[in-house]
Ligand code: CP
Ligand code: NVA
């Protein structure tokens, strides 16, 4: 595998499956209170330019529970690309820690950090991708449905960073992703083209939410206003009004369909309180699964580093 997780293409389908399988093992062990100390002596460095509850906490707690440690720095401390160049931050930070998680606006920051880092760099969300989220989401789907391949999944809302990562997962993991967005908010055409090139038919895009949700196994949504888009909030609320996941839209899906939401949720905007807090919602399991999926990812990354070092 690639050393880094810049986006989900850095793992192939086998790699993603192995991370999910390992996450199942680690989840059971952590819940039994028998977490193996596989991260003993490891330090994870986190560098966050945007707010976070789940990503930062789940990475840090994963390190602590499995015997390692973590240090988190904010943009105000580091000034990525402002106080000093991204490449210099990468050289210095990576001389202290064993892997870096970065949350940033510009995907180029992820690429530039990775290019100059001596240790693996993991994308903890940027404007284009959120690969760690989708590892936890696939684990949640696997637990609920017993499989991922062959399912029908609908994405409803903005063709954003989380949507892009779902698209790559669909291309790699053999399920069908139907993307329903308002016109003008479709996913990036280059990312779509790469997904369709990898597996034709894996992703379909349309502006009709009911048509896209029809008979699906999984409905996924996300905020209408991503971090950094706050000035567009009023306009986006107006344009996305028909894309709310509510009882009416959910009734188009299969009766046993599940609802996923990466959170934070805005009840009354992209999802109703009834749905996100109701029995079809697995958003809370999904959030908890960030801990296990990312611990499995780190285990794989640290293991690969060891293998390289020891040959
Ligand atoms: N879903 C997610 O990434 O949450 P945070 O922004 O709280 O990390
Ligand atoms: N699309 C959202 C995801 C938050 C986890 C954002 O980028 O703000």
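Worth a mention:
- Criterion: closer than 24 Å to residue 228 by Cβ and more than 16 Å from ligand 1 (Cβ to nearest atom) - qualifying residue of 95, 52, 76, 58: 76
- Residue within the range 31-48 that is in contact with a helix residue (DSSP H, G or I) (Cβ under 8 Å, 6 or more places away or on another chain), assigned to a helix (DSSP H, G or I) and surrounded by 14 or more Cβ atoms within 10 Å (Cβ to Cβ) present: no
- The range 44-67 residues that are closer than 23 Å to residue 89 by Cβ, paired with ones that are assigned to a loop (DSSP other than H, G, I, E, B) and near ligand 1 (Cβ under 8 Å from one of its atoms) (beta carbon under 6 Å, 6 or more apart): 50/227; 55/124
- Test for residue 169: is it away from ligand 2 (no atom under 16 Å from the Cβ) and assigned to a helix (DSSP H, G or I): no
- Candidates are the residues of the range 166-189 that are crowded, with 24+ Cβ neighbours inside 10 Å and within 25 Å of residue 241 (Cβ to Cβ); the one that is nearest to the chain's Cα centre (by Cα) is 166.
- Filtered by the rule that a residue be on the phi > 0 side of the Ramachandran plot and in contact (Cβ under 8 Å) with a residue 24 or more places away in the chain, the range 140-177 gives 150, 157, 174.
- Among (1) surrounded by fewer than 16 Cβ atoms within 10 Å (Cβ to Cβ); (2) free of Cβ contacts under 8 Å to residues at least 24 places away in the same chain, the one test that residue 256 misses: (2)
- Residue check, residue 263 part of a helix (DSSP H, G or I), within 15 Å of ligand 1 (Cβ to nearest atom) and either at pLDDT below 95 or in contact with a helix residue (DSSP H, G or I) (Cβ under 6 Å, 6 or more places away or on another chain) (or both): no
- Qualifying residue in the range 123-142 (condition: in a strand (DSSP E or B), more than 15 Å from ligand 1 (Cβ to nearest atom), closer than 13 Å to residue 45 by Cα and at pLDDT 95 or above): no
- When the range 178-227 is limited to residues that are in contact (Cβ under 8 Å) with a residue 60 or more places away in the chain and within 16 Å of ligand 1 (Cβ to nearest atom), the one that is farthest from residue 106 (Cα to Cα) turns out to be 220.
- When the range 49-89 is filtered for residues that are within 16 Å of ligand 2 (Cβ to nearest atom) and either touching a strand residue (DSSP E or B) at 6+ places or on another chain (Cβ under 8 Å) or part of a strand (DSSP E or B) (or both), the ones remaining, listed by number, are 49, 50, 52, 55, 56, 59, 75.
The values are calculated or read from the model by the stated rules, or taken from the named source; none is laboratory data. Since this is a predicted model, take the numbers as computed values, not measurements. Virtual Cβ from ideal backbone geometry, glycine too; neighbours counted across all protein chains shown.
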